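K.L.:
Below is the structure I would like to discuss, written out as structure tokens.
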Amino acid sequence: MIKDIIYQIKYTFTQIKFNRKKELNNRLKESFGKPKDDSFDFDYIEKYFRNKDNSKAYQILSDKTCNDLDFDDLFMFLDRTHSKVGQQYLYNILRTIDIDEKQTKLNEEIINKLSESPELRISVQKKLEKLKNTDSYHISELFQEEHLEPPNW
């Protein structure tokens, strides 16, 4: 009797886990390439761009130009990212113009590979879902800002 109950509980949890994975897969497939309805906190989104050394960039869009272009609205339309870190990276890419043919070629190869392989794309999206929390905006601080020095004692 107890074995049957334990088996039923295990089976139920397995089904719940399976259904959640299936739900996540369907949600990722459905949302791919569609505009997001999330809220946008541009203070955090542009933080990576503001702290990054863009001195080697060919050109940088100034704040004035961005205001003239309604850049925030454009960004909200273009943003299809699944992570807060991805939002910050996309914002930086759109604000800076780099001339790096190797990186451009690599980006195109990655885009083509992910476009051709939905299974790979969904696998990557699942991993990036873990960075969807607003606390993820602070990851760039780990490598862009000064760290506290440990006390001598």
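Please treat every number below as a calculation from the coordinates, not as lab data. Because the structure is a prediction, the values reported are computed rather than measured. Using ideal geometry, Cβ is built from the backbone for each residue, glycine included, and neighbour counts are taken over all protein chains shown.
K.L.:
Can you give me the relative contact order of region 56-109 as a percent, contacts being Cα pairs under 8 Å and 6 or more apart? If you can, show how the numbers build up before the last one.
P.N.:
Details: 22 pairs, mean separation 31.8, N = 54.
Once normalised by length, the contact order is 59 percent.
K.L.:
Name the shape class, rounded, prolate or oblate, that the alpha-carbon gyration tensor gives for region 70-121, where a ≥ b ≥ c are the square roots of its eigenvalues, rounded holds for a/c under 1.5, and otherwise prolate holds if a/b is larger than b/c and oblate otherwise. Before the final figure, lay out each step's value.
P.N.:
Working: a/c = 2.40, a/b = 1.26, b/c = 1.90.
It comes out oblate by the Cα gyration axes.
K.L.:
I've got another one for you. If I model a spin label as a point 7 Å beyond the Cα along the Cα-Cβ vector, how far apart are those points for Lys113 and Leu148 in nm?
P.N.:
The answer from the label model is 4.0 nm.
K.L.:
Going highest first, how would you order 58-64, 147-153, 118-124 by mean Cβ packing within 10 Å?
P.N.:
Working: 58-64: 11.6, 147-153: 5.3, 118-124: 13.7.
Sorting 58-64, 147-153, 118-124 by mean packing, highest first, produces 118-124, 58-64, 147-153.
K.L.:
Another question, if that's okay. Which links in Lys22/Lys105; Lys56/Lys113; Lys64/Lys102; Lys21/Lys84 stretch past 32 Å when you go from one Cα to the other?
P.N.:
On the way: Lys22/Lys105 34 Å; Lys56/Lys113 29 Å; Lys64/Lys102 30 Å; Lys21/Lys84 22 Å.
Among Lys22/Lys105; Lys56/Lys113; Lys64/Lys102; Lys21/Lys84, the Cα-Cα distance tops 32 Å for Lys22/Lys105.
K.L.:
What nm value, rounded to one decimal, do you get for the distance between Asp70 and Thr134 when each label is placed 7 Å out toward the C-beta?
P.N.:
The two pseudo-label positions are separated by 2.6 nm.
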